[in-house]
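First up is the structure itself, then whatever we jot down about it.
The values are calculated or read from the model by the stated rules, or taken from the named source; none is laboratory data. Bear in mind that the values here come from a model prediction, so they are computed numbers and not experimental data. Neighbour counts are summed over all protein chains in view; Cβ atoms, including those assigned to glycine, are modelled from backbone coordinates with ideal geometry.
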Amino acid sequence: MTSELSPQLLGIEKEVQDIFKILKTGFHRIDKIKNAERQSNQLEELTARMREAKRLIKDFDRVMQEGSSNSDWESHKLLNEKKQSMIKELNSFVALRKTYTSPIGNKKELLDGGSNAGPARDFDVRAASTGLTPSFDPLHLILSCFACHRNIVYR
């Protein structure tokens, strides 16, 4: 399978695989970092690596398209599968990054004194104007409505 790749495609694939190794070890290390600022910096570095991997995958696709005119259908199919597997792996790292960005953003907001800007602040204003408390649980309200309707129907 790799014998069918041009040297340029082999080089790009090797670079992408190296970046994926760096991303994997970087995400393993991020769990051990306790400082939110250092975690954020590590995520920034990993995000830059993901951008680089995306650029390389696009280069892989471009080179693959340029060389597709003089390759048979079977090798084109194999190259396309390689590209798709690289994209899937990159997407898994993007999803992993998203799981880390939410908690860090919340920690930063808490450390900054809880500057409520945006939807959370809007909810607090709506809750105060409607008499709802921040501990208002919509699920509890829905379940109690179902219980009330069930009692009415069965009586």
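How many of the residues making up the range 27-38 are crowded, with 16+ Cβ neighbours inside 10 Å and at pLDDT 90 or above? Before the answer, list the steps.
So the first thing to find is which residues in the range 27-38 are crowded, with 16+ Cβ neighbours inside 10 Å, and the list is 27, 30, 36.
Right, trim to at pLDDT 90 or above and you get 27.
Here the count works out to 1.
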List every residue pair whose Cβ atoms lie under 7 Å apart, where the two residues are 6 or more positions apart in sequence or sit on different chains, the first residue falls within the range 61-89 and is in contact (Cβ under 8 Å) with a residue 40 or more places away in the chain, and the second residue, located anywhere, is assigned to a helix (DSSP H, G or I) and of a type in the set (S, T, N, Q). Val63/Gln8
